[in-house]
Each structure stands twice: as C-alpha cells, then as structure tokens.
Amino acid sequence: MQNSKSFFLDDFLAGWIGGASSVVVGHPLDTVKTRLQAGKGYKNSLHCVLTIYRKETVTGFFKGMSFPLASITVYNSVVFGFFSNTQRLISKYRYGNELHPCGMLDLTVASMLTGLMSVGLGAPVDLVKIRLQMQTQNVMAENLHLAGNVSNGTNIPMRSVDIPSQRLYRGPIHCISSILQTEGLQGLYRGAGAMILRDVPGYMLYFIPYTVFCDLLRPDATSSPHPCSIWLAGGLAGSISWVTATPADVVKSRMQADAQLQRKYKGILHCIMHSYKTEGAQVFFRGASVNAIRGFPMSATMFLTYELSLQFFRSL
C-alpha cells in the first residue's frame, strides 16, 4: 500500500500526460468549434472544415495549439490532481479513511469544486487559445473598426477590404502581452463568468458519468476496469459533458473572442440577449455536434492515458 503523498504526486503526473495527449487529439475540432461559435460566414460544421482547409491548409486546424499544449498539460494536471485529492479529503473527514470509495454526493461536491477551481487557471488559457484560433490569414478591416478615404475625398466603407498577411498576434506570448497592455489583467479573465457557468456543472457531468460507466462496464466490483471500458466510459462522459455545456461555451467563446478593438458585448447577459435577438435560440447550440464528436476522442484519450499512467506510476 502506497502512502497518500505518492498518490498525490501520481495524480498530478498522470493528469499532465493525459492532458498533453488530449490536446493533440482534440485541437483540430476545437478550432472548428471556436470558429463556428465566435466566427461568421460558416453554414455548418462541414462548411467550416472545408473553408479552413481551403484558406489555411491543414495547419489552420492546429492554429494556436502550441499554447494549449504547453498550458493545458499543466491545467489537466491541476484539475485531475485537485479532483482526486478532494475526493480523498472528503473520504477522510466523512468516513475516516481517505481511500474509502466516494458516494454520489461526494463525487458531485468534488466535481463542482474542481470546476470552480479550474476557471482561475483555465480562463486565460482558453482566452489566448481562442484569440489565436480566430485569426485568419487576412484580418478584415471591419474587425479593426477602421475608416478610410481615397484621394478624391470619397468615403469608402473599409469593412469589405482585406489587409493581406496582417495578424493581430504573432504568437501566445505576444497575445498575452497585447491583452495586458490594452485590457489589463482583467482582460485575461474576460469570459470567466461564463466559464464558471460552463465548468461547474460541466465537470459534474464529466466525472460522474465516467465513474458510473466504469462501474457498469467492469465485470465485478473488485476488478479494475479494462482499458477498453475506460476508453468508452471516458469518451461517453466527454460527449455528455460537452453537449450539455454548449450554451455556456458559446457565450464564453464569444466573450473571449470579443477583443477590445471590436468590443460589442458589455457582459454575459448582454452577450446572451444580443446573440438571441440577432441569431435566435439556435445560436446557443452552435457547435454542439462538433462538441459531441470532439468530446469523445479527447476525453477517451484523456482518461485512458491518465488511468494507464496512474497504474504505471503506482506499480513502480
């Protein structure tokens, strides 16, 4: 039997490895989801995929991945480490034994606390990722709120004019620096309120279904779940969590993509009302199909890699 300290470290290390693997698997569809939710001119998911490929080639799907790859590994490490250790803390005070299995209420509390904690670290990561993903090869003058004149004095609305090869952000570090200079520290947490609305129930509908499905798929109560069961349970949990979180995710994506130069949302409620009035209720389910599809391989990879890494570390 290993001590709690080694368990503590194992969870963080396994979460770090799982996070890295899930980013590589899920980032292309995450880019599609972000463009659908916060961008314009896409008829549906397939049209979005084809448009990105035609205009930006395959590299367009991996735009902004370097920052999530570096940061989400740390983020997932903290999330899984926090969730596991919160369960043990609850078990220790409720049952007198930190290794006692958690009940449904215990899992719910641990999941919701994890979701709340995750926003502090995850909001800046998500914001930078989205700002980088929303960059296309041409920056439209409409988005920069520019006005122009020609030599004869005739005013020309420049929202139809492309500025070739101009990009707002050269990379993640430049993006963070620009946001801090123009919007201050609070700029990195734009959309954090919407993220709380997404992640607190989202993590509850992530960890609980995973636990339930693992229990249903294992042959008996004493045996460990098979890797295929872990993969399936993780994938199903990811799809459920992401689909139900889509409305809050749409609001979060729009708030975070809403840079200061083109700011149009005053807050969460204004974003919800404006989106509803201009695009109808269906806008809050934009990207739901992509979330369902993307959520499965990402979460399946995440949980499988996490559990296998955990088994490996604990066997040392």
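Tabulated results
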| item | result |
| --- | --- |
| Residue that is on the phi < 0 side of the Ramachandran plot, assigned to a loop (DSSP other than H, G, I, E, B) and open to solvent by less than 60 Å² (accessible area, probe 1.4 Å), where the choices are 75, 42 | 42 |
| Out of 313, 284, sole residue that is surrounded by fewer than 20 Cβ atoms within 10 Å (Cβ to Cβ), farther than 21 Å from residue 112 by Cα and modelled with pLDDT under 90 | 313 |
| Residue that is under 14 Å from the mean Cα position of the chain (by Cα) and either open to solvent by 20 Å² or more (accessible area, probe 1.4 Å) or among the charged types (D, E, K, R) (or both), where the choices are 254, 218 | 254 |
| Residue list for region 262-298, filter: within 21 Å of residue 127 (Cα to Cα), assigned to a helix (DSSP H, G or I) and not hydrophobic (A, V, I, L, M, F, W, C) | 262, 270, 274, 275, 291, 294, 295 |
| Residue that is under 25 Å from residue 169 (Cα atoms) and either touching a residue at least 12 places away in the same chain (Cβ under 8 Å) or of a type in the set (Asp, Glu) (or both), where the choices are 38, 14 | 38 |
| Within region 217-261, considering residues that are among the polar types (S, T, N, Q) and not in a helix (DSSP H, G or I), the one nearest to residue 283 (Cα to Cα) | 224 |
| Any pair with Cβ under 8 angstrom, 6 or more apart, that starts in region 83-103 at a residue that is touching a residue at least 60 places away in the same chain (Cβ under 8 Å) and ends at one that is open to solvent by 40 Å² or more (accessible area, probe 1.4 Å) | 85/8; 88/4; 88/98; 88/99; 98/4; 98/89; 98/92 |
| In region 221-235, the residues that are open to solvent by less than 60 Å² (accessible area, probe 1.4 Å) and out of contact with any Lys or Arg (no Cβ under 6 Å at 6 or more places or on another chain) | 223, 227, 229, 230, 233, 234, 235 |
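The values are calculated or read from the model by the stated rules, or taken from the named source; none is laboratory data. Since we're looking at a predicted model, the values are computed, not measured. Virtual Cβ from ideal backbone geometry, glycine too; neighbours counted across all protein chains shown. Quick note on the areas: whole protein, heavy atoms, side chains included, nothing else; ligands and nucleic acids left out. Shrake-Rupley method; radii C 1.70, N 1.55, O 1.52, S 1.80 Å.
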